[in-house]
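Single-structure report; data block below.
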Amino acid sequence: MLNIPCIIFAGGKSSRMGKDKSLLAFGKFSTLIEFQVDKLSKIFSKIYISCKDKNKFNNLFTNKNIEFIEDKIDKKLFAPTAGFTSVYDSLTANKFFILSVDAPFVNYKEIIAIIESDTDEVDATIAKTPFGIQTMCGIYHRSLEKKFIKMLNEDNHKLGYLLKSSNVKYVEFEDDKSFLNLNNPHEYQEALKLI
């Protein structure tokens, strides 16, 4: 089991999907968030869920050692910067692994490659594919906390902007399929076939 904290980001608006992605059925699970927690709890010793309101997950994790980090900054702001600043504020860890709830095909192989590539000398270690930088899959260090706060205060929520101005190590993956995001109903239906 990996001791680095794992944060599942599940506080998005899901506007393109038309309904909350984290609560969609997936595989043998009644929700996507349960699918992700089940998979990641076999890899990480501690799982956190970053969200706007933990009440939407009532009764889903009664038997699991899951903690919630609710956005403390702005409940109406659906941007990862709000989630990140709340994570930094809630945890004492110097770094943490993050994964978006809507990336169900990121598995042990990809996670271990990122973990093993990470060093204390960088601000972040992030997955990269031919499709581009996977900003919501990787390790973020405490050294980025002030930058996240500054971005939030300036109403700038582009993670790509943050990474370009930071010391980032990219872990290259040739296959995009593991990083498929479920952003809209079509992608969700495709993912159901793949699972």
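A few notes on this one:
- Spin-label model, Lys56/Ile4: points 7 Å from Cα along the beta carbon direction are separated by 2.7 nm.
- Highest-first packing order for the peptide set 141-152, 172-183, 97-108 is 97-108, 141-152, 172-183, based on the mean count of other beta carbon atoms within 10 Å.
- The relative contact order of the chain, computed from alpha carbon pairs under 8 Å that lie at least 6 residues apart in sequence, is 24 percent.
- Mean ellipticity per residue at 222 nm, deg cm²/dmol - from DSSP H runs of n ≥ 4 across the chain, formula -39500 (n - 2.57): -8000 deg cm²/dmol
- Local charge for Leu32 was computed over the other residues whose Cβ lies under 13 Å away, with Lys and Arg +1 and Asp and Glu -1, and equals 0.
- Taking a ≥ b ≥ c as the square roots of the eigenvalues of the alpha-carbon gyration tensor, the chain is classed rounded because a/c is under 1.5.
- What the chain shows is 51 Å² of accessible area per residue, with the surface traced by a 1.4 Å probe over protein heavy atoms.
- Counting charges near Met1 (Lys, Arg +1; Asp, Glu -1) among other residues having Cβ under 12 Å from its Cβ returns a value of +2.
- In this simple spin-label approximation, Asp38 and Glu172 carry label points 7 Å from Cα along the Cα→Cβ vector, and these lie 3.6 nm apart.
- Cross-link pairs beyond the 26 Å C-alpha cut-off, checked among Lys46/Lys169; Lys72/Lys147; Lys42/Lys147; Lys56/Lys169; Lys21/Lys150: Lys42/Lys147; Lys56/Lys169; Lys21/Lys150
- Here the accessible area of the chain is 49 percent carbon and sulfur, with a 1.4 angstrom probe and all protein chains present.
The values are calculated or read from the model by the stated rules, or taken from the named source; none is laboratory data. None of these values were measured; they are calculated from a predicted model. In this analysis, Cβ positions are derived from the backbone assuming ideal geometry, glycine residues included, and neighbour counts consider all displayed protein chains. Ligands, DNA and RNA are excluded from the accessible area calculation, which covers all protein heavy atoms including side chains. Shrake-Rupley method; radii C 1.70, N 1.55, O 1.52, S 1.80 Å.
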